[in-house]
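Below is one structure, written out as structure tokens, with a few remarks after it.
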Ligand code: BG6
Ligand code: MG
């Protein structure tokens, strides 16, 4: 039996969620807005445009279009300076264990990320060749929780949505997987990700037996 295994990138495969947070926090503070780590959960999985819209709304601020574009570019430049130094050491624990097992079992694997920097990061950490398909922020018009990103990935893998399994660290992403009628596996905090079908703190908690079950289900 072949299942489609779809991985989010930031906060699932690599620990870049912290870099997004640092870059948004700096930008927000520069324009006189502050936000908490709890509010930051709402930025996870969400596109660059939507993230800035949220931050501005938290600060009750409206700005002209050109300034909006400038701020997005500024945040991305700052973010790029963090990821410039990335290498394999930033792959999260036991991600290779899971990818290697799925490859051994000949299971199709796709990325399903909101980030426009996803391909670059996968190359930096040397994982790009593990993926049969990559769908990222350049390929979609609707942000998670819309299921578009995952439905596109399923189409590329030629697996029906019901037979796809999504690994996600964000609430928006878990909702997107659920909206796509896929099995959702939350990676992170049980309270934040309670809408997922399963939640694990990280991949070290995911056993080969569990993966086998998912394939055979
Ligand atoms: C998601 C991150 O994967 O990508 C979000 O969780 C981020 O925090 C989004 O805003 C867009 O990323 P980028 O790299 O295109 O700005
Ligand atoms: Mg994520």
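The values are calculated or read from the model by the stated rules, or taken from the named source; none is laboratory data. Being a predicted model, the structure only gives us computed values, none of them experimental. Cβ coordinates were reconstructed from backbone atoms using ideal geometry, including for glycine residues, and neighbour counts include every protein chain displayed.
Observations on the structure shown:
- Criterion: under 30 Å from residue 214 (Cβ atoms), within 11 Å of ligand 2 (Cβ to nearest atom) and either assigned to a helix (DSSP H, G or I) or touching a helix residue (DSSP H, G or I) at 6+ places or on another chain (Cβ under 6 Å) (or both) - qualifying residue of 12, 46: 46
- Flag: residue 138 matches the condition of being within 23 Å of residue 20 (Cβ to Cβ) and loosely packed, with under 15 Cβ neighbours inside 10 Å.
- Residue count for the stretch 83-130, restricted to those that are free of Cβ contacts under 8 Å to residues at least 24 places away in the same chain and within 16 Å of ligand 2 (Cβ to nearest atom): 1
- Candidates 172, 154 - the one that is assigned to a helix (DSSP H, G or I) and within 16 Å of ligand 2 (Cβ to nearest atom): 172
- Qualifying residue in the stretch 22-40 (condition: within 16 Å of ligand 2 (Cβ to nearest atom), closer than 30 Å to residue 217 by Cβ, in contact with a helix residue (DSSP H, G or I) (Cβ under 7 Å, 6 or more places away or on another chain) and not assigned by TED's automatic domain parsing to the domain that holds residue 168): no
- Qualifying residue in the stretch 104-117 (condition: surrounded by fewer than 17 Cβ atoms within 10 Å (Cβ to Cβ) and within 16 Å of ligand 1 (Cβ to nearest atom)): yes
- Filtered residue count, the stretch 15-43, keeping only those that are farther than 23 Å from residue 84 by Cβ and not in a helix (DSSP H, G or I): 6
- Residue within the stretch 78-99 that is assigned to a helix (DSSP H, G or I), within 13 Å of ligand 1 (Cβ to nearest atom), surrounded by 13 or more Cβ atoms within 10 Å (Cβ to Cβ) and under 16 Å from the mean Cα position of the chain (by Cα) present: yes
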